[in-house]
Amino acid sequence: MIKFVGPMGKLVPFPAACLVPLIFLLFPSQVRPQLVLGQYEDEAPVRTWNSLGVELAPSLACGGARTAAAWDASAALVNPALLCGLPKLTVTASGSRTSASMFRYSILNTGVLSTRENLTEGFTSLDFGGLSFKAGNWAFAFSAALLESYGRPPLDFRANSQAGLVYSIGTAQSGDLRNFNLSAARRLSRRLAAGLGFNLVSGRLERTISENFVADGITIEDRKSQDFKGFFMNAGLSLLLSERIGLAVALRTPYARRSDSRSLLEYRVPAAGTDIRIPASSEDEYRQPWAAGAGVSWRPSGDLKVSADLWFFNWSSYSAVYFGEEKERDFTDVLRLAAGLEYLSAYRLFGRTLRSPLRVGMSYDPQPMKAPRSAYAYITFGTGIAFGRVRVDFAGAIGKESGSGHSLSARRGAITLTYVIGD
Amino acid sequence: MKKRKAILWFLLLSVGLGPPLFSGPDGPGEIISIPGTADARRDLHDLDLDLLMERDGRIFVVAGPDDILRLSARRVPFVIETGSFAPARPGELGLAGGINGDYHSYKELEADLKSLESAHPSIVDLHTIGTSLEDRNIYAVKISDNVDRDEEEAGVLFLGCHHAREWISVEVPFLLARWLAEGYEGNPAIRELVDRSEIWIVPLLNPDGLEYSINVYRYWRKNRRANADGTFGVDLNRNYGYMWGRDDQGSSAEPDAGDYRGVSAFSEPETRAIGNLFLGRNFLAAVSYHSYSQSILYPWGFTDIPTGKDDLLRGLGLEMAGLIQTVNGRSYACGPAASSLYVTNGDLADWTFGVSGIPSYTIELPPVDIQHGGFFNAEDEIEGVFRENLPAMLRLVEFAVRTR
């Protein structure tokens, strides 16, 4: 028997067979007291808080290690200095399919609706378009990229009696944040390069909870929307220690992500002429942390390249002001690790020589909330093919979370198309 | 005798309402309406009152405190209408806006209570009587003369927001604290009342639940206890120790239920905070504000057997209901909780009455039914609901003072 709390606080039972389309069952096993939602607060990005910018297929396949290794214009999102190491011109477009499972968000498993299983949010997006080019000792890049996504699996709970629908509650949340990057890099010497990027972010988040007491003719709707704007800079250095070993460091500045927030809470009973509205609006701010990383790239042979990253995110400085109030976000600093390996194979097909990289990687991606401590471990893989000036790369990443007690998972697949001129 | 008391409370009501919304010929005043009869017109002429308008057979005038007194002496029935002409405006009531409009969030209330204390340190003392499960402070405002000393004076306890979604129940006790503090200096009647009593006001007992109700799910009722089975919340008003868990009709043993009583009496830090506050002092009356249904309920909640003090409880309850009705015509039902609304066990009123025998009430604020808003009240109703309850609140304090 499933129950929900009626308007007088009394439980109203309904036969489980009458519930469509989702069956929510009470979760009988132990649950950690995850009172702070942490990872899936409304403003939490899907999959990870530690977003440096979209990972295209080559870097995704290498575990996301891209502070000292570059393949295309997306290098500017992490370390613009690497633009100097790219071919004379690259034009890149990339798309991806991302999914992440969630156990607790909004009204799900926080006291209103409960489920036995994790629910999965999945989305497909064209998430990067950009180009880079070199002119003498200078290199430049411009790109538009998907930085974060805020979607949640929609919930739709309905309770029927013999007379039909008596109650329903549903939620929907969607939104994303996009990053427009303009970067410049300069080769300072044969071994040293420096780069600087300017980033404008813009996005929107919308959330609705609708509740309908059919018999009483009551509709309750809670609608919230936020329009985000922000600006930050990123910079990096790259140093070739030798023909085989490169080192790099990069930095992302902290910044204020401003939000034009609006809310409307509405209670309607048309038959009684009741229409109570509580509107609100606010200029809010999310203080994003600075982040700094270091990477190494090692080429033990002409066909093999190994890259590794270590990034620090200063999440302890994060703050969220939501409708004028600073919200509790008990976050701690985290270190994200990534490493990858790329082997370039070559073979002949139809009389032409094709080059195809094989890539594998891994990463360890701790999330910033203190309770529960939570981290994803990823394995990544990918391949590609270069045919003349065109490269097509594919990659996949499978992540498993530990710490929350709910074995969350995350997956991502990407396909990237790059047109290259020059070596 | 009752008439005189009513006049006293009307006087208090009319002269002490913080910043005056209207000024009549005698200074701060109220808009009142009286029936548009020939006799009433003659009275208005005799009293030299300014006519505002006529509507629906009633005459609206601005009346100062003395005018109201004289109207009462002439037995002219009147209704105070100021609330309906001057809806609450942010800032005027000290309410802070934000995502829940003019209603208080936890932080807004915390800030307003601290401001109240710093503005009136001689009569307002803000206490932290406990912390919630999510580590928010549970505040109690003590209002009295010599406020930093516990004196042998009549204690009265006003509580709000056992249930998270009942936002109006935060505002009414908070506005009482503000009204008393701001009226103390300029109004001898308030001063006398405050000097002779120790009024404790806990406007927000369930801060975690309120925050969840504001930010996530408006209809949330309980606190935010993470129950062992994965559900959330204990109904704080089923968690007190008198007849706790007596049956499953007046509360539920099921953690997913809206009226889940918890694993034991006083299992929740919020109810323990009230328990410690109450047992450590000499309270002579207590009111717990809820919504909705416009009712004044008195013990018992756990059974329909009379308490043995029903004459007192009913008499005082009816008197409060009458005072409320006199303000704006709104009717509150009055009766024993179990037979008037539904059976409850482990609620505050049963516990305070059960352990001390003092008059204890659960007052269900407007609206009267779910069709007219249920747990929702429009922002511009906040002040009106407070004003209609104010004479009843003062009556209870006066009762405690006289009893002592």
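Values in this text are rule-based calculations from the coordinates and carry no lab data. On a predicted model such as this, the values are computed, not experimentally measured, just so you know. Note that we place each Cβ from the backbone using ideal geometry, even for glycine, and neighbour counts take in every protein chain shown.
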Give me the one-decimal nm value for the distance between modelled label points at A:Arg287 and A:Arg355, 7 Å along each residue's Cα-to-Cβ direction. 4.7 nm
For q = 0.09, 0.11, 0.21 Å⁻¹, what log10 I(q)/I(0) does the stretch A:277-423 give under the Debye formula with an equal point scatterer on each alpha carbon and no solvent? -0.46, -0.64, -1.29
When B:Asp67, B:Asp304, B:Asp256, A:Asp227 are ranked with the fewest other C-beta atoms within 10 Å first, the list becomes B:Asp304, A:Asp227, B:Asp256, B:Asp67
Amide H neighbours of B:Glu198 under 5 Å, at least 5 residues apart or on other chains, H built in the peptide plane: list them. B:Ala154, B:Gly155, B:Val156
Nitroxide proxy distance, nm - points 7 Å out along Cα→Cβ at A:Arg97 and A:Asp156: 2.2 nm
Amide H contacts under 5 Å for A:Tyr255, placed H, 5+ residues apart: A:Gln288
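What order do you get for A:Tyr378, B:Tyr342 when you list them from fewest to most C-beta neighbours inside 10 Å? Let's see the in-between values first.
Values: A:Tyr378 21, B:Tyr342 14.
So the residues, fewest neighbours to most, are B:Tyr342, A:Tyr378.
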Convert each backbone phi in the stretch A:206-214 into a coupling constant with the Karplus relation 6.51 cos²θ - 1.76 cosθ + 1.60 (shift: θ = phi - 60°), then list the ³J(HN,Hα) values in order as whole Hz, x for Gly and Pro. 10, 9, 9, 10, 10, 9, 9, 9, 5
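Looking at the stretch B:98-172, which GluC sites (Glu not before Pro) are DSSP coil and have at most 11 other C-beta atoms within 10 Å of their C-beta? Walk me through the numbers on the way to the answer.
Numbers: sites: B:Glu108, B:Glu110, B:Glu117, B:Glu134, B:Glu151, B:Glu152, B:Glu153, B:Glu166, B:Glu171; in loops: B:Glu134, B:Glu151, B:Glu152, B:Glu153, B:Glu166.
Within the stretch B:98-172, the qualifying GluC sites (Glu not before Pro) (loop, at most 11 other Cβ atoms within 10 Å) are B:Glu152.
Figure the gain on full extension for A:Ser316 and A:Phe387 (residue separation times 0.36 nm, minus the Cα-Cα span) and round it to one decimal in nm. Numbers along the way, then the final one.
Values: separation 71, 0.36 × 71 = 25.56 nm, distance 4.64 nm.
Between A:Ser316 and A:Phe387, full extension yields an extra 20.9 nm.
Over the protein assembly as shown, what lengths in whole Å, largest first, do the semi-axes of the equivalent ellipsoid take, defined as the square roots of 5 times the eigenvalues of the alpha-carbon gyration tensor?
Numbers: eigenvalues 810, 155, 109 Å².
Sorted largest first and rounded, they come to 64, 28, 23 Å.
How far, in nm, would the chain grow between A:Ser202 and A:Lys370 when pulled straight, counting 0.36 nm per residue and subtracting the alpha carbon separation?
Details: separation 168, 0.36 × 168 = 60.48 nm, distance 2.82 nm.
Extra length available between A:Ser202 and A:Lys370 comes to 57.7 nm.
What is the Cα convex hull volume of the stretch A:28-161 when expressed per residue in Å³?
Per-residue hull volume (Cα only) is 129 Å³.
Which value in Å is the Kirkwood Rh of the stretch A:251-339 over different Cα pairs? Each step should come with its number before you reach the end.
Working: mean 1/r = 0.0586 Å⁻¹.
Hydrodynamic radius (Kirkwood, Cα pairs) of the stretch A:251-339 is 17.1 Å.
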When the C-alpha atoms of chain A are aligned to their principal axes, what extent does each axis show, in angstrom, from largest down? 77, 46, 36
Residue-wise HN-Hα coupling along the stretch A:402-419, computed from phi with Karplus coefficients 6.51, -1.76, 1.60 (Hz; x: Gly, Pro): 9, x, 7, x, 10, 6, 5, 9, 9, 9, 8, x, 9, 10, 10, 10, 10, 10
Between B:Thr128 and B:Asp380, what FRET efficiency comes out of the Förster formula 1/(1 + (r/R0)^6) with R0 = 41 Å and r the beta carbon distance, rounded to 0.05? 0.80
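How would A:Tyr419, B:Tyr217 line up from fewest to most surrounding beta-carbon atoms within 10 angstrom? Display every interim value, and only then the final one.
Numbers: A:Tyr419 16, B:Tyr217 23.
Ordered from fewest to most neighbouring Cβ atoms within 10 Å, A:Tyr419, B:Tyr217 come out as A:Tyr419, B:Tyr217.
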Potential extension, A:Ala256-A:Ser345 segment - 0.36 nm per residue separation minus Cα distance: 27.5 nm
Please provide three numbers in whole Å: the alpha-carbon extents of the stretch A:171-217 along the principal axes, with the largest listed first. 77, 15, 6
Correct semi-axes for the stretch B:107-174, from √(5λ) of the alpha-carbon gyration tensor and rounded to whole Å with the largest first, are 22, 14, 12
³J(HN,Hα), Karplus 6.51/-1.76/1.60, whole Hz, each residue of the stretch A:112-128, x for Gly, Pro: 9, 10, 10, 9, 7, 9, 5, 9, 10, 9, x, 8, 10, 8, 8, 10, 7
Long-range amide H partners of B:Thr131 with built H, under 5 Å: B:Ile138
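Translational D (Stokes-Einstein, µm²/s) of the stretch B:106-403 at 4 °C and 1.567 mPa s when Rh comes from the Kirkwood sum over C-alpha pairs?
Numbers: Rh = 18.9 Å.
Rounded to a whole number, D works out at 69 µm²/s.
Taking the square root of 5 times each eigenvalue of the Cα gyration tensor, what semi-axes in Å does the equivalent ellipsoid of the stretch B:122-260 have, largest first? If you can, show how the numbers build up before the last one.
Details: eigenvalues 222, 51, 31 Å².
Output for the stretch B:122-260: semi-axes of 33, 16, 13 Å.
Which pairs, out of A:Lys134/A:Lys400; B:Lys142/B:Lys222; A:Lys229/A:Lys327; A:Lys229/B:Lys114; A:Lys400/B:Lys222, put more than 29 Å between their alpha-carbon atoms? The partial results should precede the final answer.
Numbers: A:Lys134/A:Lys400 40 Å; B:Lys142/B:Lys222 26 Å; A:Lys229/A:Lys327 19 Å; A:Lys229/B:Lys114 34 Å; A:Lys400/B:Lys222 34 Å.
Result: A:Lys134/A:Lys400; A:Lys229/B:Lys114; A:Lys400/B:Lys222 exceed 29 Å.
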